Each structure stands twice: as C-alpha cells, then as structure tokens.
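For reference, the structure is listed below as structure tokens.
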Amino acid sequence: MRNDRRRQRPAKPEQSPSPAPRGLFYLGQDLPVLLETPRFLVLNKPAGLAVHPGPSTQDSVETRLVTHPRGGPWLAHRLDADTSGCLLIARRKTALLEAQAAFQNRQVRKLYWTIVEGTPPENEGEISAPLLRQSNPSGWRMIVDPKGDAAVTRWRVLGRANGRSWLELELLTGRTHQARLHCASLGTPIVGDRLYGKSDASGLHLLARSLHIPLPEDTLEAVAPPPPAMAEALKRLGWKDQS
C-alpha cells in the first residue's frame, strides 16, 4: 500500500455546471459544462448517454457536438455510457494531441466516486488485476484474466453505513469497465451494476468525480457534482453537499 500526499489536498467546493457555450451543441441537445477554455471543455456527462453512437442508439455526446469546418471538437478520452461526470473535449487538434499524450504518459489524475454493496475489510488499498474482453452470443463483458491488459486502481473508503460503502477510486490505468470490475473483484460490486453486480432502479452509482491534467500551456481541473439519485445515497453515507 502506498501513501499519496496528493490525497490531502482540500476538496474544491461544489460548482454548478455553467450554460453551454453558444454554438457548441446542436439545438436542444446541450450538455452541462464544468470548465471552458479556448482549447478545452470538460462536460458533465449524464449517466445513460453514450460518448459514441452505436447500433442501438444514435444519441451520444459525439453526435450532439457541432462539427467545426476545420474539424473537431474531439473526445480526449472515454466514459462508459452508464457512468456520469467529467469528460474532456478538445476544441483544437493540437489540444487533442497534448491531452492524449498526457493520458498515455499517465500524467492525468482521474478520481471516481462510487457507492458499493458491502464494505472492504480495510480502509484503503490498491488492486492490480488484468482485464480481458470476453465475447459470447449474448454480448460481451470484461473478466479478470492474466492474459488481459494491466489494470491498477487505488481505492479508499470515504464512508460506511447500512451495508454500503462510499469509495474514492483513482484509476492508474484506463481499461474498459475497470472501476466496475475491480470493485466487484473486491467483493463489493457497485450499486446498480447490472453486469457485475445487480441492477438497481436508481441506476449505476459511479461518478467520474474529478480530472487534473497538467499541460504545457495550462493545467485543467474540474469537479463534477453527483447526479440526484447518487447524491441522496451519498448523504446517507456522510457526504455534505457544499453547493
């Protein structure tokens, strides 16, 4: 287990997302904006919205963004459709390349909040479990397998109550379903995870809480508020809304 002094930074106060910049989204398809600079946007992606269009849906973050005549804007990373929170958008190609380099070099700090069923035996730890995509006639899912891609997650407990726990996750790698499967492998599946746990009417309780990205020209920092259903569950675990 490793100590990380960065965890001691005081949390930023909650901020309400701002109105969307004019002309960024198609009419009536706005998404909340957490941070805007001339080169980047951080969106507060709602749960249930895919980042790319697919066979089962045409609505997505990508299709809501108005395409610039010179190209872009571009998604700088990905979130699962069921995950809410911070999503980085590059408004220029040079900005996209800088952000991609930061992700590849693991300079980006990604913190997630989640509510899980049960409680881990310790207050914090690190899990290293390689993940492999497994397909079958009914679909696909990720599994822990030595043949998979390396995946590492640091976790710590922020609250416990009524048989559930509030965890902070730091994803040191960015594998598909990493947070979901790593939580399940701890014996504490995420509330509402219909694939690796069990479904819940309130949905998946997984939030891409914050991004910290050091770049050559500036440093980007954004914090996403929990969606309403998750916020109510967090309050029962000790979270105090500071908005």
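So, in the range 107-132, of the ones that are part of a strand (DSSP E or B), within 15 Å of the chain's Cα centre (by Cα) and of a type outside the set (S, T, N, Q), which residue ends up surrounded by the most Cβ atoms within 10 Å (Cβ to Cβ)? Filtering the range 107-132 for residues that are part of a strand (DSSP E or B), within 15 Å of the chain's Cα centre (by Cα) and of a type outside the set (S, T, N, Q), the one surrounded by the most Cβ atoms within 10 Å (Cβ to Cβ) comes out as ILE115.
Condition (residue is under 21 Å from the mean Cα position of the chain (by Cα), modelled with pLDDT under 95 and crowded, with 18+ Cβ neighbours inside 10 Å) applied to the range 160-168: is it met by at least one residue? No: zero hits.
For GLY203, all conditions in the list (1) open to solvent by 20 Å² or more (accessible area, probe 1.4 Å); (2) touching a residue at least 60 places away in the same chain (Cβ under 8 Å); (3) closer than 15 Å to LYS110 by Cα; (4) in contact with a helix residue (DSSP H, G or I) (Cβ under 9 Å, 6 or more places away or on another chain) hold save one; what is the number of the exception? Of (1) open to solvent by 20 Å² or more (accessible area, probe 1.4 Å); (2) touching a residue at least 60 places away in the same chain (Cβ under 8 Å); (3) closer than 15 Å to LYS110 by Cα; (4) in contact with a helix residue (DSSP H, G or I) (Cβ under 9 Å, 6 or more places away or on another chain), only one is false for GLY203: (3).
Just the residues that are of a type in the set (Val, Ile, Thr) and not in a loop (DSSP other than H, G, I, E, B), please, taken from the range 51-92. Answer for the range 51-92, where residues must be of a type in the set (Val, Ile, Thr) and not in a loop (DSSP other than H, G, I, E, B): THR57, VAL61, THR63, ILE89.
Of all residue pairs spaced 6 or more apart or on separate chains, those with beta-carbon atoms under 7 Å, a first member in the range 129-152 that is under 17 Å from ALA184 (Cα atoms) and a second member that is basic (Lys, Arg) and outside any strand (DSSP E or B) are LEU131/ARG175; LEU132/LYS147; ALA151/ARG175. In the range 1-35, the residue that is surrounded by the fewest Cβ atoms within 10 Å (Cβ to Cβ) out of those that are modelled with pLDDT under 95 and closer than 20 Å to ALA95 by Cβ is ARG22.
The values are calculated or read from the model by the stated rules, or taken from the named source; none is laboratory data. Predicted, not measured: the structure shown is a model, and the values here were computed from it. Every residue, glycine as well, gets a Cβ built from its backbone with ideal geometry; the counts of neighbours run over all protein chains shown. Please note that ligands, DNA and RNA were not included when accessible areas were found on the heavy atoms of the full protein model with its side chains. Shrake-Rupley method; radii C 1.70, N 1.55, O 1.52, S 1.80 Å.
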